[in-house]
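Structure, as structure tokens:
A short reminder: the numbers here are calculations on the coordinates, not readings from a lab. From a predicted model like this one, the values you see are computed outputs, not experimental measurements. Ideal geometry is used to build each Cβ from the backbone, glycine not excepted, and the neighbour counts take in all protein chains shown.
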Amino acid sequence: MRMIKRPTKADQRRELEKQMADFLNKGGQITSVEQGASGLVNGTYNKHQFTIGQPKQTRTAVPEVLVAIDSRRRKSAPPAQQTRHRTPRRQVIYDDFGEPLRVVWVDK
């Protein structure tokens with residue numbers, strides 16, 4: 001299996017410069033924009049958002065349904081806690097000089 005070689009930044013830069021040259025050769029123009037210029041109209045975002053043609057619907061709260069859902073949630077039993085099977089742990093007993101003497105198994 002061959003690995004796919006990812007393009008380096010130099011390759012990407014050359015490709016971008018080639019695309020720009022092709023664009024300019026076909027009659028395209030590049031316009032410069034002042035630094036700090038914004039696409040916002042009068043400093044605000046476009047408030048005319050895409051809609052499907054239907055007016056925005058108002059939502060009404062249905063407290064009876066919410067109360068029923070909450071009561072069912074409270075009635076259900078809490079999940080059973082899982083008991084962990086405690087396995088013995090291996091403990092090494094050392095002498096005064098730090099040499100291991102023996103290994104014992106300790107229940108914790």
_Being basic (Lys, Arg) and either assigned to a loop (DSSP other than H, G, I, E, B) or within 31 Å of the chain's Cα centre (by Cα) (or both) is the filter here; which residues of segment 74-90 pass it?_
Arg84, Arg86
*With the condition kept exactly as written, say whether any residue in segment 43-51 is under 31 Å from the mean Cα position of the chain (by Cα), exposed (fewer than 10 other Cβ atoms within 10 Å of the Cβ) and not in a loop (DSSP other than H, G, I, E, B).*
yes
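Out of Ala10, Ala68, Ala37, Ala61, I need the residue that is small (Gly, Ala, Ser) and surrounded by 10 or more Cβ atoms within 10 Å (Cβ to Cβ). Which one? Step through it out loud before you land on a result.
Numbers: Ala10 fails: surrounded by 10 or more Cβ atoms within 10 Å (Cβ to Cβ); Ala37 fails: surrounded by 10 or more Cβ atoms within 10 Å (Cβ to Cβ); Ala61 fails: surrounded by 10 or more Cβ atoms within 10 Å (Cβ to Cβ).
None of the others qualify; the one that does is Ala68.
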*Taking segment 83-106 as the region of interest, how many residues are among the hydroxyl-bearing types (Ser, Thr, Tyr) and loosely packed, with under 10 Cβ neighbours inside 10 Å?*
2
